[in-house]
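Here the structure comes first, spelled out in structure tokens, and everything after it is commentary.
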Number of protein chains: 2
Amino acid sequence: MSGAPAIAALDWGTTRLRAWLLDASGKVLAERRSDDGLITAREKGFAKVLEGHLAAMGAPQALPVIICGMAGSRQGWLEAPYVGVPAPIGAILRGAARIESERRDVRIVPGLAQRLADAPDVMRGEETQLAGAGLPANGRHLVCMPGTHSKWVVVEDGAVAGFGTWPTGELFSVLSAHSILKQSLGEHPAPVAADNPFFRQWCEQALGEGGDVISKLFAIRAAGLLQDLKSEDAAACLSGLLIGGEIASATRRYGFSETPVVLIASGALANLYGAVLDLAGLPFRTVDADEAVRAGLIEAACENGMIGGAA
Amino acid sequence: MSGAPAIAALDWGTTRLRAWLLDASGKVLAERRSDDGLITAREKGFAKVLEGHLAAMGAPQALPVIICGMAGSRQGWLEAPYVGVPAPIGAILRGAARIESERRDVRIVPGLAQRLADAPDVMRGEETQLAGAGLPANGRHLVCMPGTHSKWVVVEDGAVAGFGTWPTGELFSVLSAHSILKQSLGEHPAPVAADNPFFRQWCEQALGEGGDVISKLFAIRAAGLLQDLKSEDAAACLSGLLIGGEIASATRRYGFSETPVVLIASGALANLYGAVLDLAGLPFRTVDADEAVRAGLIEAACENGMIGGAA
């Protein structure tokens, strides 16, 4: 049996928005997915876009709203200033910024900043997935959140110790659309399957190169000229090379943990990264990315006193 | 005193064409630079484009023509089949393909193919620069030819032993125009100076990472958000990161030679790569790329009996 709506939770990114109506236990009562990301919302107005989606889900008038993602950036609705790392995950969530509104209580979870001179980095949204991943309160944990800009995070005793970004998804898109590899991959690269032998072969090669991916990129083009590599297999080569390179690079930087890598991902990405972690001989456990962000948003609502601690 | 024209020499690439009228000693009597690369010439017709440039330089009716570059590719005028490495440089030049023409003797120098299962690679045009770089007949030499697709070549006792491609120039263009770094670099990235402190700093960081460049790309964006990095300096960061990464990766693959690295380059690229080789502590000597390709084309004309051995 579902309870009454306790909170509306939004993952509000640059190009997409996902919204859920949740009861106090975190159960999903309604869901919306749309292209009303930051770019669109800047034109339409953030409050108007939000109220539209809340109305479509039948949200009560005064229901509180918790948001994570790029809506909290300087170009977003309201800047939720970065929390510097190292930082305990609970403290990050408690830093939510509050939108001035008579209508309802709306808050945005802050992103994280790593202010190191030689490794500056930022994230917005992934800190909430991290909070919802059910990490143990103690020990050192290495977390991988693949995507357009994959994040790897080291969590020590419930605090974010450090993190890094590998723009793997973006590189795949940009190189397939705008580099010489376009000729190899064709106009519309097919989705890559984790059991494609080219994916596995190029991935294994990349795993042995410590993150040096660039020296292998042109080989995909050359393999098309010299080895009759087909376009669907060329996409698998590029994907294997980039993901293998990411994992080689991230484990070179952060070393290994005694506990399994925590892979926060869904669907096809979860399969591809799982296959590569297997090839690398790294134990891992997968946490569904959608479930993690919802759990993190509820956690944030609790930490900010927007709902009771029932979750 | 200049002699009579002995040969017309062309470096005919994908987007550009450079043509010279040379006497038998290699002295330049006339020069043309144009955008009539392979792409344009496929539409206009290769013979017509060639004759137009020869006429503009006042070339005699039956003057022989030697060509290198993408004009010899499958998409070019006539495919000059790849020569497989390892191969002596003289033997490569002697493999020039002959255009069937009553008008004059026109030949195209073949490119090189490295048919290794795990490192397939190709080049067209750089083999001619290499031939004209004045390498000693003996010993092991590491050659760097920077550009859109930088080539590194190992030459042993006058033969090409192996080579690799680093798409450094292409990555700089594609990432500045189409990735998130566009926001950091701005619409029209300024030319990067070799003494820019950001260029040097990011280069030194990259030199220590063995070719792992991708883990540092997003840091340029983050430095803009957290460290007020300016757009002209962001371009210097990206350039330093990519070139430093290339040199770290290439020397990791090929090791060091007892002889100085041979840098075949001109102008701004020669300055940037020279600065990075200095930072890496690698002795080098620079050969002007234009002079090298002309000398290589004359060498090819000699090897194919198109002119006497006077050069």
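The values are calculated or read from the model by the stated rules, or taken from the named source; none is laboratory data. For clarity, every value in this text was computed on a predicted model and none was experimentally measured. Positions of Cβ are generated from backbone atoms using ideal geometry, with glycine treated the same way; all protein chains shown enter the neighbour counts. Just the protein is used for accessible areas: all its heavy atoms, side chains included, with ligands, DNA and RNA removed. Shrake-Rupley method; radii C 1.70, N 1.55, O 1.52, S 1.80 Å.
Tabulated values for the structure
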{"quantity": "Residue match in the range A:118-132 (condition: modelled with pLDDT under 95 and either surrounded by fewer than 23 Cβ atoms within 10 Å (Cβ to Cβ) or under 24 Å from A:Ala301 (Cβ atoms) (or both))", "calculated": "yes"}
{"quantity": "Residue under evaluation B:Leu93, criteria (1) open to solvent by 10 Å² or more (accessible area, probe 1.4 Å); (2) out of contact with any Leu (no Cβ under 6 Å at 6 or more places or on another chain), criterion not met", "calculated": "(1)"}
{"quantity": "Selection count where residues are within 11 Å of another protein chain (Cβ to nearest Cβ), free of Cβ contacts under 8 Å to residues at least 40 places away in the same chain and crowded, with 24+ Cβ neighbours inside 10 Å, scope the range B:153-178", "calculated": "1"}
{"quantity": "Odd one out for B:Ser249 among (1) surrounded by fewer than 24 Cβ atoms within 10 Å (Cβ to Cβ); (2) touching a helix residue (DSSP H, G or I) at 6+ places or on another chain (Cβ under 7 Å); (3) within 11 Å of another protein chain (Cβ to nearest Cβ)", "calculated": "(1)"}
{"quantity": "Looking only at the range A:131-140, and only at residues there that are farther than 23 Å from A:Ile67 by Cα and not aliphatic (A, V, I, L, M), the one that is nearest to the other protein chains (Cβ to nearest Cβ)", "calculated": "A:Arg140"}
{"quantity": "Matching entry among B:Val106, B:Val143 (being away from chain A (no Cβ under 14 Å) and more than 22 Å from B:Ala71 (Cα to Cα))", "calculated": "B:Val143"}
{"quantity": "Total residues in the range A:295-311, condition assigned to a loop (DSSP other than H, G, I, E, B) and open to solvent by less than 40 Å² (accessible area, probe 1.4 Å)", "calculated": "3"}
{"quantity": "Single residue of the range A:179-193 satisfying the filter (open to solvent by 10 Å² or more (accessible area, probe 1.4 Å) and within 17 Å of A:Ala222 (Cβ to Cβ)) that is farthest from the other protein chains (Cβ to nearest Cβ)", "calculated": "A:Gly186"}
{"quantity": "Residues located in the range B:256-311, provided they are farther than 25 Å from B:Thr148 by Cβ, in contact (Cβ under 8 Å) with a residue 24 or more places away in the chain and in contact with a Cys (Cβ under 9 Å, 6 or more places away or on another chain)", "calculated": "B:Gly308, B:Ala310, B:Ala311"}
{"quantity": "Those residues of the range B:112-152 which are closer than 30 Å to B:Ser176 by Cα, in contact (Cβ under 8 Å) with a residue 60 or more places away in the chain and part of a loop (DSSP other than H, G, I, E, B), in sequence order", "calculated": "B:Gly125, B:Pro146, B:Gly147"}
{"quantity": "Residue match in the range A:202-215 (condition: at the interface with chain B (Cβ under 9 Å from one of its Cβ atoms), in contact (Cβ under 8 Å) with a residue 40 or more places away in the chain and open to solvent by less than 10 Å² (accessible area, probe 1.4 Å))", "calculated": "yes"}
{"quantity": "In the range B:220-236, the residues that are open to solvent by less than 10 Å² (accessible area, probe 1.4 Å) and within 11 Å of chain A (Cβ to nearest Cβ)", "calculated": "B:Ile220, B:Ala222, B:Ala223"}
{"quantity": "In the range A:1-41, the residues that are open to solvent by less than 40 Å² (accessible area, probe 1.4 Å), over 25 Å from A:Arg74 (Cα atoms) and free of Cβ contacts under 8 Å to residues at least 24 places away in the same chain", "calculated": "A:Asp23"}
